[in-house]
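Encoded as structure tokens, the structure appears first; notes follow it.
What follows draws every value from the coordinates through simple rules; no lab data is involved. All of these numbers come straight from a predicted model, not from anything done at the bench. Please note: Cβ atoms are built from the backbone with ideal geometry, for glycine as well, and neighbour counts cover all protein chains shown.
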Amino acid sequence: MTSTTDKKHLRRIGHKLKPVVIIASKGLTNAVNAEIDRALSDHELIKVKFSAGDRAAKKILGEQICRSQNAESIQAVGNILLIFRRANKPNPRLSNLLRQ
């Protein structure tokens, strides 16, 4: 679990990021899950953009993504979800945390 101070720091870093994965109307497929996993392994902190109808659907989709990726939701604003999963051996050239 990430502390409140750490979440604030991660939101500051995430503010500058562009969405890495965009989920269309088909929802959370195996290919999308694989891409999110790759992006989290490389970057540790990513933005995911999705198109979901209402707030409840967005919340459920965000929870599914975090649960399936063993990641933590840092912030959800509109259709954008900022998620974090610490890498075992982060690549200094790719990690959004180490580059900041």
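Just want the ordering: 38, 12, from fewest to most Cβ atoms lying within 10 Å of their own Cβ.
Values: 38 13, 12 10.
Fewest-to-most ranking of 38, 12: 12, 38.
Once Rh is set to the Kirkwood radius over Cα pairs, what Stokes-Einstein translational diffusion coefficient, in µm²/s, holds for the chain at a temperature of 4 °C and a viscosity of 1.567 mPa s? Intermediate results must be reported in sequence, preceding the final value.
Numbers: Rh = 13.6 Å.
Taking Rh from Cα pairs, D becomes 95 µm²/s.
On a C-alpha basis, how far is the centre of the range 1-39 from the centre of the range 58-87 in Å? Whole number, if you could?
Between the Cα centres of the range 1-39 and the range 58-87 lies a distance of 6 Å.
What dipole magnitude, in Debye to the nearest 20, does the chain give about its Cα centre under +1 on Lys/Arg Cβ and -1 on Asp/Glu Cβ? Intermediate values should be presented prior to the final figure.
Numbers: 19 positive and 8 negative charges, 68 e Å.
My answer is approximately 320 debye.
Report, for the chain, the % of DSSP beta bridges that are antiparallel, rounded to 5.
Numbers: 10 of 14 bridges.
DSSP beta bridges in the chain are roughly 70 percent antiparallel.
How far, in nm, would the chain grow between residue 77 and residue 2 when pulled straight, counting 0.36 nm per residue and subtracting the alpha carbon separation?
Working: separation 75, 0.36 × 75 = 27.00 nm, distance 1.86 nm.
Stretched fully, the residue 77-residue 2 segment lengthens by 25.1 nm.
With n ≥ 4 as the cut-off for DSSP H runs, can you work out [θ] at 222 nm for the chain, using -39500 (n - 2.57) per run divided by the number of residues, rounded to the nearest 500?
Values: 3 runs with 41 residues, N = 100.
Mean residue ellipticity, 222 nm, calculated: -13000 deg cm²/dmol.
So how do 5, 29 line up by other beta-carbon neighbours within 10 Å, fewest first?
On the way: 5 8, 29 11.
The order, fewest Cβ neighbours first, is 5, 29.
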